[in-house]
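First the structure, in the form of C-alpha cells, and then the observations on it.
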Amino acid sequence: MASTQSITEGSAKYPNSTGRTFQYGTAGFRMKANLLDSVVYRVAILASLRSRKLHGQTIGVMITASHNPPEDNGVKLVDPMGEMLEGSWETHATTLANAPSDKALAEVYNKLVQDLNVDQSIHARAVFARDTRASGPHLVAALLEGFNAVGVEYVDHKLLTTPQLHYVTRCVNTRGTSFDYGDPTEQGYYKKTAKAFKAALGGRKIHGPLTVDCANGVGGPKLTELIKYIPKAAQGGIDIKIVNDDVVNSERLNHQCGADFVKTNQRAPPASQANPLERCCSLDGDADRLIYYFIDKDSNFRLLDGDRIATLAALFIGDLARNAGLGEKLRVGVVQTAYANGASTSYVTQDLKLPTSCTNTGVKHLHHAATKYDVGVYFEANGHGTVVFSELALKRINKYEPRSPAQASALDTLKALTDLINQTTGDALSDLLLVEVILAHKSWSPKEWDLTYTDLPNRLVRIEVPDRNIFKAVDAERRLESPPGAQSRIDALVGKYKNGRSFARASGTEDAVRVYAEAATKGEADELAQLVGKTVVEVASQFVQSAGSK
Ligand code: G16
C-alpha cells in the first residue's frame, strides 16, 4: 500500500534534479546511467500501478541499455505475458518520470490512481533483473526504494538476459494455468530451451563449430550456462566457441563487438577468428539481438542479418506446416520494418508467397503485428525478433493427427519449435539454436543460406544532431513529415540513384538520427547514405538557427 508520505520520502533520496526531459522510447528509458536514478525509482512506482491495475499480476522490470555504450543504462517494463509494456502506459511512465519534484510525483501518482481506477489494496508484484553494466547495482537500489515506497512484493533475478526476464515474467503469470509457460527460473529457461532444441533437431547433425561473439555482455555467462544443458556435436548437439565474454572489464561491453557493431560496420568483430565458411554470430549487450555472418572462400565478409533469419524461419516453418498437413490451416506471415532490405521483402512475397507487413521500429510494434497471423515471423534487420504462434495455431498443431510418418515427423519438429522459440520477445540464444536447427535440417552451410536471395547493397549510418526530436517520421517511418522540406530533399537525392531508397528517423534509444540507404551498388548505397546524412545535419542546424532567430 502506498502513501503520499512514503512516495515523497523515497523520492527525496532519488530526486529529479537533472533538468532533463525523460521519454519512454523504443525500449523504455535509456540514457547516460548517472541521469537515471529518479527515473528508475519512478518506474518502480509505475510497476505497482500496472500490477494493481492488472489484479496483482506480476510485472517485469529490466535494467539494461542493450546495444548502447557502457556508460549508458536504461529501464523498461514487461507486461504479464512477457510482452513489452502496453503502449498507452508509456505515456504514464513519461508523466511520472518528468514530475518536477517529490511532491509533484506524489500528486501524479494519486492522479493516476484516480484516472486509471487502480485499487490500491491489491497486492502488487514484480520480478526484475539487470545486465552486466557497472551502474546496474546502483540503479537496483533506486528500484528497491521505489518498490518499498509503494509496497511491491518482488523477486530479484540478479543478472539475466533481457529475454530471460521476459520468459520468467510470463512463467510466473501463467503458472498452474492451461497456458503454463514453464518454470519461472533461469534454470527452467535452460532446461526448456535445451530439451526443445534436442527435439527440434530430431537426430540431425550440426556440422562444424559456431563462433558466438557475446558483445562482452550478459549473454556470455548465460550462453556458457545454456551450453551445459546441451550436448556437444559428437553427442548429437552443437559445438559453440564463445568470444567476447569479458564481463569483468565493463568498458568492453559492445566495444568493437556485438550485433550492432557487425550490422553497422558490415564486418566481423576483430576477436572473431573463424575459418572461411564457418558460421559466426553476434549477440548484443543484453542478448536480444542476433546477427549471423561468415567469410566466403574469396575472403569476403557475408552478413546474414535479421532479414535473413526471418526469411529462413518463414521458409522452414512454411515447409513444415505443409509437410505436416497443416499448410491450409496455418497462415504464416512476416513482419518487418523500413530497415528490411528490399530484396528480402521481394523474396518473402514473390518466392515464399507469404504476406508481409511493415511497422515502426521497435519490437513492441512488430510483435503486435505478428500476432495477427497464425504464425507471425518478425525480425528487425538489426537481428531483433522471434516467431509467435497464435493460440489457435498452437491448438491446431497440438491436436492434429498426422496421416503418415512424414507428417508425424514434420509435426514433431513444429511442436518442438513452439517451445524452442521464445514467444515473449526476440531472444538471441533461442534464435541461434533455431537457426542451427534449420540449417541442420536443410543440410545447409551459411553459403546456401546466403544464396537464397541477393541483398540490395545498403548502408546504415548514425548522425548526431543538436535535437533529434525535430525529426518526425510517418508511414512506418519511411518518410519525414518534419522538419518541413527535409523529405523533398531526401526524395531528390534518392531519385538520382538506380534502385535508390533511403529514409531518416530519430532513434528512440540513442541521441542520434539513423539514416538507411539502398542502391544498385555498394558505392552508391554508401554515397546516398552519406548525402542523406549531410542533409539531416543541414536541416537540423537550419532548424536550430530559425528557432534561435524567432
Ligand atoms: C531496441 C529495440 C529494438 C530497436 C532498437 C533500435 O533494441 O528493442 O526494437 O530496433 O532498440 O531502436 P532505435 O533505432 O529507435 O534506436 P535494443 O537491442 O537496443 O534493446
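Read-outs: derived from the displayed coordinates by stated rules, not from any lab. Predicted, not measured: the structure shown is a model, and the values here were computed from it. Note: ideal-geometry Cβ built from the backbone for every residue, glycine included; neighbour counts use all protein chains shown.
Here are the numbers for the structure shown:
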quantity: Scattering curve values for region 265-354, log₁₀ I(q)/I(0), Debye with Cα scatterers, q = 0.21 Å⁻¹; calculated: -1.06
quantity: Per-residue Cβ neighbour rank within 10 angstrom, fewest leading, S51, S546; calculated: S546, S51
quantity: Computed label-point distance, nm, for sites T177 and E9 using a 7 Å Cα→Cβ extension; calculated: 3.6
quantity: Rounded if a/c under 1.5, otherwise prolate or oblate - region 188-302, Cα gyration tensor axes; calculated: oblate
quantity: Two-decimal Rg/Rh across region 59-110, once Rg and the Kirkwood Rh are taken from alpha-carbon atoms; calculated: 1.04
quantity: Electrostatic dipole magnitude of region 188-302 [Cβ: Lys, Arg +1; Asp, Glu -1; Cα centre; debye, to 20]; calculated: 680
quantity: Sparse-neighbourhood loop sites, trypsin sites (Lys or Arg not before Pro) in region 101-206 - DSSP loop, at most 15 other Cβ within 10 angstrom; calculated: R175, K205
quantity: Gyration tensor (alpha-carbon) shape descriptor, region 1-142, a/c threshold 1.5; calculated: oblate
quantity: Label-to-label distance, nm, for residues given as W444 and E225 (7 Å Cα→Cβ offset); calculated: 3.1
quantity: Contour minus Cα-Cα distance for S482 and K498 (0.36 nm per residue); calculated: 3.2 nm
quantity: Whole-angstrom gap from region 352-409 to region 411-463, using each part's C-alpha centre; calculated: 13
quantity: Summed side-chain charge close to T386 - residues other than T386 whose Cβ falls under 12 Å, Lys, Arg +1, Asp, Glu -1; calculated: -4
quantity: Residue among S443, T8, L46 farthest towards the positive dipole end of the chain, charges placed on Cβ; calculated: S443
quantity: Anisotropy class of region 1-76 from Cα gyration tensor, a/c 1.5 cut; calculated: oblate
quantity: Region 4-159 - charge dipole about Cα centre, Lys and Arg +1 at Cβ, Asp and Glu -1, debye rounded to 20; calculated: 140
quantity: Of K205/K372; K353/K415; K103/K472; K76/K329; K263/K415, those spanning more than 27 Å from alpha-carbon to alpha-carbon; calculated: K205/K372; K103/K472; K76/K329; K263/K415
quantity: Total formal charge among the other residues, if their Cβ is under 14 angstrom from that of G236, Lys/Arg +1 and Asp/Glu -1; calculated: +3
quantity: D_trans [Stokes-Einstein, Kirkwood Rh over alpha-carbon pairs] for region 458-549, 10 °C, 1.306 mPa s, µm² s⁻¹; calculated: 122
quantity: Equivalent ellipsoid dimensions for region 371-449 as semi-axes, Å, which come from the Cα gyration tensor, largest first; calculated: 22, 19, 9
quantity: Rg/Rh for region 325-436, where both radii come from Cα atoms and Rh is the Kirkwood radius; calculated: 0.97
quantity: Within the chain: Cβ-based charge dipole about Cα centre, in debye rounded to nearest 20 (Lys, Arg +1; Asp, Glu -1); calculated: 800
quantity: Euclidean distance between Cα centres, region 500-539 to region 234-259, Å; calculated: 30
quantity: Per-pair calculated FRET efficiency, R0 = 22 Å: Q120 and N148 via Cβ, rounded to 0.05; calculated: 0.90
quantity: Computed lengthening from K241 to S541, 0.36 nm per intervening residue step minus Cα-Cα distance; calculated: 103.3 nm
quantity: Cβ-Cβ FRET estimate between L394 and K103, R0 fixed at 51 Å, reported to 0.05; calculated: 0.55
quantity: Cα-based equivalent ellipsoid of the chain: semi-axis lengths in Å, sorted from largest, via gyration tensor; calculated: 36, 31, 22
quantity: Distance between region 130-196 and region 74-124 - C-alpha centres, whole angstrom; calculated: 20
quantity: Signed unit charges on C-beta, dipole axis of the chain, positive-most listed residue P457, G342, A149; calculated: G342
